[in-house]
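Below is one structure; the comments refer to it alone.
The values are calculated or read from the model by the stated rules, or taken from the named source; none is laboratory data. A quick note: this is a predicted structure, and the numbers were derived from the prediction, not measured. A quick note on method: Cβ atoms are made from the backbone with ideal geometry, for glycine too, and the neighbour counts reach across all protein chains shown. When the accessible area is computed, the model is the full protein with side chains, heavy atoms only, and any ligands, DNA or RNA have been set aside. Shrake-Rupley method; radii C 1.70, N 1.55, O 1.52, S 1.80 Å.
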Amino acid sequence: QQNGQNDNSNNLKLNFKLKHIEPLTENQRKTFEAYHDGKNLLLHGIAGTGKSFLSIYLSLQSILSDSARYKKLVIVRSVVPTRDMGFLPGNNKEKAKVYEAPYLAIFSELFERGDAYEYLKSKNLVDFISTSFIRGITLNDSIIVVDEIANMTLHELDSVITRVGKNCKIIFCGDFRQSDFTKDQDKNGLKDFMRIIDRMKSFGFIDFKEQDIVRSSLVKDYI
């Protein structure tokens, strides 16, 4: 920007800082490189490899930078496959809160304060949307993290990717082995989607393996 000034005020809204994170494994390093090369991402692989954590970290790093070109992080997740949504108490917004719990924990770790997720939501820097309510929306100037994609049908995945508007980056995270679906037709939707994404030059496709597990030695031993 001219005269050392910038027109981004995202980080001016914060009174706390994002922790610095370094990649711990080869595939995490590839994720950082592909992201900074401007790629959209599909991060696939087993539990405990940091797919959601890194996606949110990289997104926040971009949004809160002095030269940010994106206005917000949008987290998209399906709340349908558990089939228990209707039995949870409260309205739809209150029910969806259950599915936001992982992000409360991730944000707490990244900012080292427990209210970081809700604070950023209040500043309109972060939004959470379920696939049930994404139709008809156009997402602009956003980084979109689509999490737990194993629990999305091909129709849901199609609905999400076709919502992408101008000046956006999208990151898909998940593992087809961690699906709550019982029908093969639903399970195979993600595999079909992955084959499409793998042919798109705008995407970096990174497949996380056992050696990428960073959650704990117990999880690594179990897998």
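Of the residues 215, 177, 29, ranked by 1.4 Å probe accessible area with the largest first, the sequence reads 215, 177, 29.
Modelled this way, with points 7 Å down the Cα-to-C-beta line, the labels at residue 218 and residue 198 are 3.5 nm from one another. Couplings for region 150-157, taken from phi via the Karplus curve 6.51 cos²θ - 1.76 cosθ + 1.60 with θ = phi - 60°, read 5, 9, 10, 6, 4, 5, 5, 4 Hz in order; Gly and Pro are left as x.
The residues of the chain expose, per residue, 54 Å² of accessible area to a 1.4 Å probe. In order along region 62-79, the Karplus-derived 3J(HN,Hα) couplings, from 6.51 cos²θ - 1.76 cosθ + 1.60 at θ = phi - 60°, round to 5, 5, 9, 6, 5, 10, 4, 9, 10, 8, 7, 9, 10, 9, 10, 8, 7, 10 Hz, and Gly and Pro are given as x.
How big is the Rg/Rh ratio for region 92-223, C-alpha atoms only, Rh by Kirkwood, two decimals? Ratio of gyration radius to Kirkwood radius for region 92-223: 0.97. The figure for residue 162 is an accessible area of roughly 70 square angstrom, using a 1.4 Å probe on the protein chains alone. Per the Debye calculation on region 137-207 with a single equal scatterer at every Cα and no solvent contribution, log₁₀ I(q)/I(0) for q = 0.17, 0.23 Å⁻¹ amounts to -0.63, -1.08. Listed by chain and number, the lysines placed with their C-alpha closer than 29 angstrom to that of residue 183 are 51, 93, 95, 97, 191, 209, 220; residues fewer than eight positions away on the same chain are left out. Shown are 199, 163, whose ranking by accessible area with a 1.4 Å probe and every protein chain present, most to least, is 199, 163. Model label sites at residue 211 and residue 108, defined 7 Å from Cα along the beta-carbon direction, differ in position by 3.4 nm.
Ordering 214, 126 by how much accessible area each has at a 1.4 Å probe, largest first, what is the list?
Values: 214 60, 126 5 Å².
Reading off the accessible areas and sorting them downward yields 214, 126.
Spatial offset of region 31-50 relative to region 177-205 amounts to 15 Å, using the alpha carbon center of each. Where only DSSP H runs of four or more residues are counted, the chain gives -11000 deg cm²/dmol as its mean residue ellipticity at 222 nm, each run worth -39500 (n - 2.57).
Computing FRET efficiency as 1/(1 + (r/R0)^6) for residue 138 and residue 158, where r is the C-beta to C-beta distance and R0 is 22 Å, gives about 0.90.
In this structure the amide hydrogen of residue 45, modeled in the peptide plane, comes within under 5 Å of the amide hydrogens of 174, 175, 176, 208, none closer than 5 places in sequence on its chain.
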